[in-house]
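Here's the structure we're looking at; comments come further down.
The values are calculated or read from the model by the stated rules, or taken from the named source; none is laboratory data. As the structure is a prediction and not an experimental result, all values here were calculated from the model. We place every Cβ from the backbone using ideal geometry, glycine too, and count neighbours over all the protein chains shown.
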């Protein structure tokens, strides 16, 4: 029998976590948004309010929808508040050690039948599942950023994931109005396996002096009809996230074509991680973003 998901927990109130809380509440699920500090939870709730207001401005939802959604989200810094959730989605940093620490604290709190999903964009679901007490109830639910806008969710089964877990997760995802793409459990799944090497190649093109930041982004926007250039997109994703996904691909598939560009490594070492730190391939501190190279 497939578990009916009614209450959803989200661990991590950052950009991805608050987005998952947003769409889940809008679809009528009760949501607990959890993070370790009150400041992070407050910032997450504030982001949800801002994004809902944006949707009202666009006419995609109305005031009642917003009020209903906000009424369904419970902010929390206490992990015990996730005890009665049917599904908990982990949306913390793309770092395996951090995720494992979260599962160690979370699993003893969850009810036995609860499903645990990870929003990882690249790490092995089978390996993450092995760090939990419920590998058969563990699944990859990879939302795209920004969650309220992007229509795709990659569902990734680990080697132990049961059919019931997959089916319940699929029903949940489709109720959010998202389209499901099913991926096998290989490094970076589908979207990032294709997208990140393209971004990495754009950084190599810059590194080797083939074109400037502006020329590369213009070329791909107008020459390949991409909505934003690859370096602009890298800044939006976060250069630290780009690097960690390239490292997962390089280590997991042992193919030199996935070698992270040294220039990407240098930017991350400098703490220039893109939009979130105000500097990456563009400098965002002024009125208009200015290329940094």
Checked the range 198-223 for anything within 19 Å of residue 260 (Cβ to Cβ) and within 27 Å of the chain's Cα centre (by Cα); matches are 198, 199, 200, 201, 202, 203, 204, 205, 206, 213, 216
Margin query: residue 68 - would you say it is over 22 Å from the mean Cα position of the chain (by Cα), more than 23 Å from residue 137 (Cβ to Cβ) and surrounded by fewer than 17 Cβ atoms within 10 Å (Cβ to Cβ)?
Written below: yes
Flagged in the range 84-101 as in contact with a strand residue (DSSP E or B) (Cβ under 9 Å, 6 or more places away or on another chain) and surrounded by 16 or more Cβ atoms within 10 Å (Cβ to Cβ), in numbering order, are 85, 86, 87, 88, 89, 90, 91, 92, 99
Residue 61 fails exactly one of (1) in the same structural domain as residue 165 (by TED's automatic domain parsing); (2) touching a residue at least 60 places away in the same chain (Cβ under 8 Å); (3) outside any helix (DSSP H, G or I), namely (2)
Here is a check on your reading of the model: is residue 23 under 21 Å from residue 140 (Cβ atoms), in the same structural domain as residue 134 (by TED's automatic domain parsing) and part of a helix (DSSP H, G or I)? yes
The one condition residue 28 fails out of (1) surrounded by fewer than 18 Cβ atoms within 10 Å (Cβ to Cβ); (2) assigned to a helix (DSSP H, G or I) is (2)
